[in-house]
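The values are calculated or read from the model by the stated rules, or taken from the named source; none is laboratory data. Computed from a prediction, not measured in an experiment: that's the story for all the values here. No Cβ is skipped: glycine too gets one built from the backbone with ideal geometry, and neighbour counts run over all protein chains shown.
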Amino acid sequence: MIAPSERAPKRHGLRLPHAGRVRDLLGHPPHEAPIVPKNSISGRALTAVVAIMTFLASLTTGAVLLVLSAASDWQADVSREVTVQVRPVAGQDLEQAVERAVAIARGTPGVTAVRAQTREESARLLEPWLGSGVSLDSLPVPRLVLVQIATDRPPDLAGLRATLASEVPGATLDDHRGFTGRLRAMADTTMMGGLAVLLLVMAATVLSVGFATRGAMATNRTTVEVLHFIGAKDAYVAGQFMRHFLLLGLHGGLIGGGAAIVVFLVLGAAGGRLLGGGAADLATLFGGLSLGIGGYVLLLLQILVIAAVTAFTSRRVVKATLAAVA
């Protein structure tokens, strides 16, 4: 009587005696074949599912990275500038009030540059609402003074606001704090939405792999029973399924993730020609559509994570199934 440990397979890999199981038990050389066929219909279907899920996850991750990068750039730009608004006041010369506001701002420590917008620039700001060619002489259009500040030694904005209010009637200081808060809230909302989508994609992948693993075990039930009969342990069988689904998940992940990377590369390199006039607006919003080296590395890591999730899901399903039927 041969001990089970002596009958256990000595070689690694997804191998099993083919049609001649009896010959194998009698000691004849077997014809090796995989436990789960590599090119089965279910395997190809699961590869397609993993590819689609990885593509959607990569697009979501890339979009979130673009929004976060743009929001960070916007906040950095806004934090370097404040705006003084000088409104027309009865009995006061608007041009002199603007010059006085510019002088006060330039004399404030921590201010690096000051520039007052001209009447023409103020009119262009109102063109989207009032249209072009409209005379603004009779309208109380305020003038803006753009103030650049040093981020390492910012000025006393509260003191500057008080000085402007006392010396220039109709002048107010806007530090864009409300706009910065809305930007931060938008970035946080986008990130949370992206994480929710990624969790849904991972959940769908885990469910798909679980169903595929159970189907593969049901299809190859006889094979698994023979392996147990010749002494194979549950860990060995689970390891073979894990290796099979790891390669399958890696294959599908590379297809889906690679397609997403190509999409971002094409948009980053030829976005202007592909999107026409809308490319300028997108560039203004997102600062370009390229993810950068760090973004592409993150997408590659995401492919590996999805492949690992596929493999470990398969292993857990196999071990749970074998324990239930033991």
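Return the residue satisfying two criteria in turn: it lies in the range 93-131 and is part of a helix (DSSP H, G or I) and among the acidic types (Asp, Glu), and of such residues it is farthest from the chain's Cα centre (by Cα). Applying the filter and picking the extreme gives GLU95. Note on the range 170-189: residues that are modelled with pLDDT under 85 and among the polar types (S, T, N, Q) amount to 1.
Being within 21 Å of LEU66 (Cβ to Cβ) and surrounded by 15 or more Cβ atoms within 10 Å (Cβ to Cβ) is a description that does not apply to THR205.
Could you say whether any residue in the range 272-291 is at pLDDT 85 or above, among the aliphatic types (A, V, I, L, M) and surrounded by fewer than 20 Cβ atoms within 10 Å (Cβ to Cβ)? Taking every residue of the range 272-291 in turn, none turns out to be at pLDDT 85 or above, among the aliphatic types (A, V, I, L, M) and surrounded by fewer than 20 Cβ atoms within 10 Å (Cβ to Cβ). In the set (1) modelled with pLDDT under 85; (2) in a helix (DSSP H, G or I), THR54 fails one condition alone, (1).
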